[in-house]
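Here is the structure we will look at.
Read-outs: derived from the displayed coordinates by stated rules, not from any lab. On a predicted model such as this, the values are computed, not experimentally measured, just so you know. Note that we place each Cβ from the backbone using ideal geometry, even for glycine, and neighbour counts take in every protein chain shown.
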């Protein structure tokens, strides 16, 4: 059997597993902003040598969720209102672009999927669950744009955004306004109305940003000054 066209199989390493575990804990808020991380402590926790921990920390630093300080201490990167506002500015351009493309390209099956997600989101009562459903709703739209490079960039933005959203969830109890805005986005998608989708998405992003900023101002222990 010829093998010249086969791609090599990537084997997950111990450092990959540590990276994924730490990344999930950081973006979900289980490891809060500002918490120090030591290689020795992590090696003991994961029951491994220092080398895979060192490799995992380098990857976390590359995606900008941890930082090394002058004293060489490694900490989970504190949140920043300035950074968050810059993220919002970039998201406004890229996510609206993706949503417009999705309005043109979205299949009937994907539209039905969006309707189901929106209906499920309205029923959730736990704000952590809402954050996850909200992400699924937006990501389903952006996947429908059928623009892989744009999708990759947006995925990176959402990775940076997730710690903010979990702080947001800790300070909110209601998502009625977000549900209404999602309904507007969905109606625009169903009608293939790019302007309506853009308008409601912009309002949705602005509403979420206002709520996140308000919570951050009440949680100074998580915010970089």
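Before moving on, here are some points about what is shown:
- Tensor-based shape of segment 35-125 (alpha-carbon gyration tensor, a/c under 1.5 rounded, otherwise prolate or oblate): prolate
- Given R0 = 22 Å, the distance between the Cβ atoms of residue 94 and residue 120 translates into a calculated FRET efficiency of 0.30.
- Fewest-first sequence of 46, 130 by Cβ atoms within 10 Å of each Cβ: 46, 130
- Fully extended contour minus Cα-Cα distance, from residue 146 to residue 75, at 0.36 nm per residue: 21.9 nm
- Over the chain: helical MRE at 222 nm, DSSP H runs n ≥ 4 each giving -39500 (n - 2.57), nearest 500: -23500 deg cm²/dmol
- Site pair residue 68 and residue 177 shows an inter-label distance of 4.2 nm when each label is modelled 7 Å from Cα along Cα→Cβ.
- Whole-Å semi-axes of the ellipsoid equivalent to segment 81-222 (Cα gyration tensor, √5λ, descending): 24, 17, 13
- At an R0 of 30 angstrom, the distance between the Cβ atoms of residue 17 and residue 170 translates into a FRET efficiency of 0.60.
- Helix axis angle, 194-218 relative to the chain longest principal axis, alpha carbon, degrees: 40 degrees
- Acute angle (nearest 10 degrees) that the helix 14-27 long axis makes with the longest principal axis of the chain, alpha-carbon atoms: 50 degrees
- Modelled FRET efficiency - R0 25 Å, residue 193 with residue 129, Cβ distances, 0.05 increments: 0.25
- Degrees, to the nearest 10: 50-62 long Cα axis against longest axis of the chain: 40 degrees
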